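The values are calculated or read from the model by the stated rules, or taken from the named source; none is laboratory data. Worth saying up front: this structure is predicted, and the values here are computed from it rather than measured. Every residue, glycine as well, gets a Cβ built from its backbone with ideal geometry; the counts of neighbours run over all protein chains shown.
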Amino acid sequence: MSLSQLFKIVKKNFQEPTPIPAAAPPVNSYTPQVAKKMHEMLTKHVPADAVEYCFDLWKEQPFSFKISRSRSTCFGNYIYKDGQHKITVNNDLSLYAFVITYVHEIAHQRAWLGKSRRKIEPHGKEWKKNFQVLMSPILNLNVFPETILIPLTHYMSNPAASSVSYAPLARALQSFELGEKSGILLSEVGDNQWFTFRNTVFQRLEKRRTRILCMERASKRRYTILATARVDLVEA
């Protein structure tokens, strides 16, 4: 199947998101200084051909934006608190992972603003619809290299909570990761094997979707760690 055919199949599923109601909750306002800083951050962290689009998304429904330290639990986050929309994205992501995460979080904001019922699922149909529509304008070779665009387009046909849940896309994004990466992926560690993660020894137990259930050796406590986390094996 050609890339153009794949785009046509995926975009058939893309529908316009629910319009934001006139009485939507207040959103953050912004000053020229804030806008300038926002544009500078986007210029540094997203592909050049996506900067203006990402900036326009922010101007349409402004939010407080922060580039966060690396977090093993997530790539980004959206919250609505005290009348403010707040989005964070990790600082150690490649340009491509950053822009996907950025739009992912804006889709949460748009789903929240356009919700027609009191409670919606975090990654339910409202979020999926908004994410698909918001990603559609940048699903092209001007923004993403073909090695990422093909698995990304497949993933966007039915996006999950995490882009790393789709192995072909996770592998493609990892090839563009920033800096030197040591160790191996947790997904490559066998069940019951021991490994170190953040200077702590764990045993891999079982896979749970995008995460791996692990047991800390010292405390015997159990934690879930992203399958794409880099770890070092411990010799028996």
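The helices (runs of 4 or more DSSP H) found wholly in the range 1-114 and carrying at least 2 residues that are at pLDDT 95 or above occupy 32-45, 51-60, 95-113.
Within the range 189-206, the only residue that satisfies the criterion of being farther than 13 Å from Arg217 by Cβ and surrounded by 12 or more Cβ atoms within 10 Å (Cβ to Cβ) is Val189. Taking the criterion of being out of contact with any helix residue (DSSP H, G or I) (no Cβ under 6 Å at 6 or more places or on another chain) and closer than 17 Å to Ala160 by Cα, the only residue of the range 79-101 that qualifies is Thr101.
If Gly179 meets every condition in (1) assigned to a strand (DSSP E or B); (2) modelled with pLDDT under 85 apart from one, which number is that one? Here Gly179 meets the rest and fails (1). Candidates Lys66, Lys86, Lys119, Lys81: the one that is surrounded by fewer than 17 Cβ atoms within 10 Å (Cβ to Cβ), among the basic types (Lys, Arg) and closer than 30 Å to Arg198 by Cα is Lys66. Within the range 193-233, can you find the residues that are among the basic types (Lys, Arg) and assigned to a loop (DSSP other than H, G, I, E, B)? Listed by number, the residues that qualify are Arg198, Arg209, Arg217, Lys220, Arg221. Listed by first and then second residue, the pairs linking a residue in the range 66-94 that is among the charged types (D, E, K, R) to a residue that is in a loop (DSSP other than H, G, I, E, B), with Cβ atoms under 7 Å apart and 6 or more places separating them unless they lie on different chains, are Arg69/Asn91; Lys86/Phe63; Asp92/Ser70; Asp92/Leu178.
Of the residues making up the range 140-161, those that are assigned to a loop (DSSP other than H, G, I, E, B) and surrounded by fewer than 18 Cβ atoms within 10 Å (Cβ to Cβ) are Asn140, Leu141, Asn142, Pro145, Ser157, Asn158, Ala160, Ala161.
Quick check on Thr224: is it more than 19 Å from the chain's Cα centre (by Cα) and under 26 Å from Asn77 (Cα atoms)?
No: the conditions fail for Thr224.
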